1. Inside region 219-240, can you point out the residues that are among the basic types (Lys, Arg) and not in a strand (DSSP E or B)?
2. With (1) more than 17 Å from ILE80 (Cα to Cα); (2) of a type in the set (Gly, Ala, Ser); (3) assigned to a strand (DSSP E or B) as the list, and GLY243 as the residue in question, which single condition is left unmet?
3. Among the residues of region 101-123 satisfying the criterion of being over 19 Å from MET201 (Cβ atoms) and in contact with a Gly (Cβ under 8 Å, 6 or more places away or on another chain), which is modelled with the lowest pLDDT?
4. Based on what the data block shows, is ARG196 touching a Leu at 6+ places or on another chain (Cβ under 9 Å) and of a type in the set (Lys, Arg)?
5. On the basis of being touching a residue at least 24 places away in the same chain (Cβ under 8 Å), surrounded by 12 or more Cβ atoms within 10 Å (Cβ to Cβ) and more than 30 Å from GLU230 (Cβ to Cβ), does LYS63 make the cut?
6. Show the residue pairs meeting these rules: Cβ distance below 7 Å; 6+ apart or different chains; first residue within region 177-192 and in contact (Cβ under 8 Å) with a residue 24 or more places away in the chain and within 15 Å of TYR136 (Cα to Cα); second residue among the basic types (Lys, Arg) and buried (at least 16 other Cβ atoms within 10 Å of the Cβ).
7. Let me confirm something: among ARG216, ARG196, ARG177, which residue is assigned to a strand (DSSP E or B), over 28 Å from ARG242 (Cα atoms) and at pLDDT 80 or above?
Amino acid sequence: MNIIKHIKLIVMLGLSTAVLQVQAQRNKKDRYFDVYAGPSLGFRVLGNVKMPASYKGSEGDFKDSLDRADRPGQSLNFGIQYMVKKSAFGAFSFGLSYTNMSFRRVAEDFKIGYEVHPDVGIVAGVIQAGALRINYDIKHHYLEVPMLWHKSAEGYSNLQDYDLWYTFGIAPAVLLRQEMDIKLVGFTLNGKNRYRVQDSMITGMPFNAIVHLGFRSQYHMYKNLYGLVEPRLRVPILPSSRGAQQLWTPQFSLNVGLVFVLSKSKTK
């Protein structure tokens, strides 16, 4: 009977120790909540194209004309993120991000009779003088769910006021809307110089997956509050469009925000 009692006591002590160890490990995991926003610069990578019936040149000439016309697109992204630091050298995060994947197409050599867009109209005459140009900003608005791993940079782990991680992961994304913003530079049409239309030639993919590569840097500001800076490269796996032009729109973004510490290891 004494042996059975001893065995029960040992088992109870073992279970209690295991529970305490699990709780201790759980307490060692730092938890953060991020709120961020930041500017982005989007680029266009051209795949297959369907040439307009009115175009008289070759496909190579048509692609060259697009290359000369296309520019980086500027946009603003924002989101939230929950991060769990699993060890001194690694962390995992997931969140929601509103992302604008965009680029700009510029038309500079146009004359009277030029069609700005089928939904906008034809230039009947120049009302203002100066540099005449049309900017077409093609935008695909996505809701992303970033799932990211963060690996501590060598020599920057467990510092008192500063942390630096390498970041990599993937974000499933759903298309919320697409649009084309048209800006007339140097003239107006029907008394307006800005239009927003839907363009059937560049139809956004309804679903995509975005690869994320970059850094996460946070600096202690006040008690449980950190500043956040995240330079990041976003690369869509699937084409951003499925219309007459097959496009990829990789993006460089710089997220800036605040980090709220929900729990933190006392050993750090």
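1. Residue satisfying the conditions is LYS223 alone.
2. Here GLY243 clears every test but (3).
3. Step by step, filter region 101-123, then rank; the result is ILE112.
4. No: the conditions fail for ARG196.
5. When the stated conditions are applied, LYS63 does not pass them.
6. Short answer, once both residue conditions are applied: GLN178/LYS139; GLU179/LYS139; ASP181/LYS139.
7. Values: ARG196 fails: over 28 Å from ARG242 (Cα atoms); ARG177 fails: over 28 Å from ARG242 (Cα atoms).
Selected residue: ARG216, the only one of ARG216, ARG196, ARG177 that is assigned to a strand (DSSP E or B), over 28 Å from ARG242 (Cα atoms) and at pLDDT 80 or above.
Okay, residues lined up against (1) over 21 Å from LEU132 (Cβ atoms); (2) touching a His at 6+ places or on another chain (Cβ under 9 Å); (3) surrounded by 14 or more Cβ atoms within 10 Å (Cβ to Cβ); (4) not small (Gly, Ala, Ser):
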position: PRO39; (1), (2), (3), (4): yes, no, no, yes
position: VAL45; (1), (2), (3), (4): yes, no, yes, yes
position: SER58; (1), (2), (3), (4): yes, no, no, no
position: ARG68; (1), (2), (3), (4): no, no, no, yes
position: ALA107; (1), (2), (3), (4): no, no, yes, no
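The values are calculated or read from the model by the stated rules, or taken from the named source; none is laboratory data. On a predicted model such as this, the values are computed, not experimentally measured, just so you know. FYI the Cβ positions are ideal-geometry reconstructions off the backbone, even for glycines, and counts take in every protein chain you see.
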